[in-house]
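Have a look at the structure below before the remarks.
Laboratory data are not the source of any read-out in this text; all were calculated from the coordinates shown. Note that the structure is predicted; figures quoted are calculated from it, not measured. Cβ coordinates were reconstructed from backbone atoms using ideal geometry, including for glycine residues, and neighbour counts include every protein chain displayed.
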Ligand code: UD1
């Protein structure tokens, strides 16, 4: 079992390059199933979740060529299996994103239900109801979604009861090859949804309105092959900038502009950080000052992202003042708080609200990562803790942060990955 050993109390200084966005790369890779020719995707981050989706696509028979820069060429025509098995779906819920493309292009799909996960129940009912509205026959049996359609899916108006990112993406993908027009109402506006729509349009789809709450998809007969570059990861960038604020340092993230990160940068500015940017970079300078506490209310884009909540809890744990952090998207996304309390944080949990009273310093302790963003919160808290912190179960962080220890080391952090074979999972 791998762990990070972090010796804290060191400000971060320097520049790093931001990787491609995990949450755009995953749906784009599954969308390649819709094409009838080879697709080449570049700027794909080297992450466990990307490996999982490629393993899933390879199991379905797809062939890949991957070069050293993670440009991935996919041949979708070698598919021979339409199943997403439990063993893979349970490790990554985003595997559900094969449902729409398989149904639309091949008329059948058998996808395991994802089940629960560390941050809440996370149902996929809206994906299923939406596919039914597009004409799919769906039964759920023995933990699997069995979906089929005779001929083509047909366009429909779908009013999504709740804003769902992968639900919007799954239905948008399914609708590209449907007969007629689909209108998705109350759609997610996340930049990764726009990136997926841009990719599909590059292949010949007719999708309008991505980035608004109403997306209109005019179904086309086929999608061709093509090339596409994945947009940068705003959550990765936000995590490093939050780490810079918390450690009172100065960090420039390159390869991303401020436009994708408005709500995150506003909150960072409220901590007292000096932020400068142009279209290709963002720099945060704390000028050695202690950050001020900021209130956070998570909600779908363009509001503050739930995927940055744990990192801001870490920041507030050490900031000047008291703050409230309200988690509105997932019901159980506060697993990091108990671990931060073990480091000396003064945080009280009341339902979906964390009340953080900033302390002068945290102390290193053994802590356990419970999910991807919780791990990021623990790592950045450790960067400012006195003494040594051992972060266990870091496989969670490898799901979503490319070369995190290399990038943090380049910024001056004292972080080391060890493989402790004596620790049982
Ligand atoms: C995506 C992101 C994840 C992020 C989340 C919220 C990817 C691969 N993952 O996850 O990083 O934290 O958006 O921004 O892009 N819901 C239902 N029924 C459904 C679908 C969702 O009730 O059928 C609920 C969920 O339980 C949750 C809310 O809707 O409370 C939002 O979830 P959703 O946007 O679907 O999250 P994901 O797409 O799984």
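Only Cα pairs under 8 Å and 6+ residues apart enter the sum, and on that basis the relative contact order of the stretch 33-81 stands at 50 percent.
Each Cα pair under 8 Å and six or more residues apart adds its separation to the average, and for the stretch 235-372 the resulting relative contact order is 20 percent. Can you classify the stretch 104-182 as rounded, prolate or oblate using the Cα gyration tensor, where a ≥ b ≥ c are the square roots of its eigenvalues, rounded means a/c under 1.5, and otherwise it's prolate if a/b beats b/c and oblate if not? In terms of gyration-tensor shape, oblate.
Shape class of the stretch 321-362 from the alpha-carbon gyration tensor: oblate, with a/c at 1.5 or above and b/c at least as large as a/b.
The helix-only estimate of mean residue ellipticity at 222 nm for the chain, built from DSSP H runs of length n ≥ 4 each weighted as -39500 (n - 2.57), is -8500 deg cm²/dmol after division by the residue total.
From the square roots a ≥ b ≥ c of the eigenvalues of the alpha-carbon gyration tensor of the stretch 364-414, which class results: rounded (a/c under 1.5), prolate (a/b over b/c), or oblate?
Oblate, because a/c is 1.5 or more while a/b does not exceed b/c.
Counting only DSSP beta bridges with both residues in the chain, the antiparallel share comes to about 70 percent.
How tilted is helix 48-59 with respect to the longest principal axis of the chain? Cα atoms for both, answer in degrees (0 to 90, nearest 10). That helix lies at roughly 20 degrees to the long axis.
Between residue 59 and residue 13, what FRET efficiency follows from the Cβ-Cβ distance if R0 is 56 Å, with the result rounded to 0.05? After rounding, the FRET efficiency stands at 0.80. Annotation: peptides 94-106, 183-195, 200-212, ranked by per-residue average of other Cβ atoms within 10 Å with the highest first, follow the order 94-106, 183-195, 200-212. Peptides 215-223, 72-80, ordered by how many other C-beta atoms sit within 10 Å of their residues on average, highest first, read 215-223, 72-80.
To the nearest ten degrees, helix 22-31 and the longest principal axis of the Cα atoms of the chain are 10 degrees apart. Taking every C-alpha pair closer than 8 Å and separated by at least 6 residues, the mean separation divided by the residue count of the chain gives a relative contact order of 22 percent.
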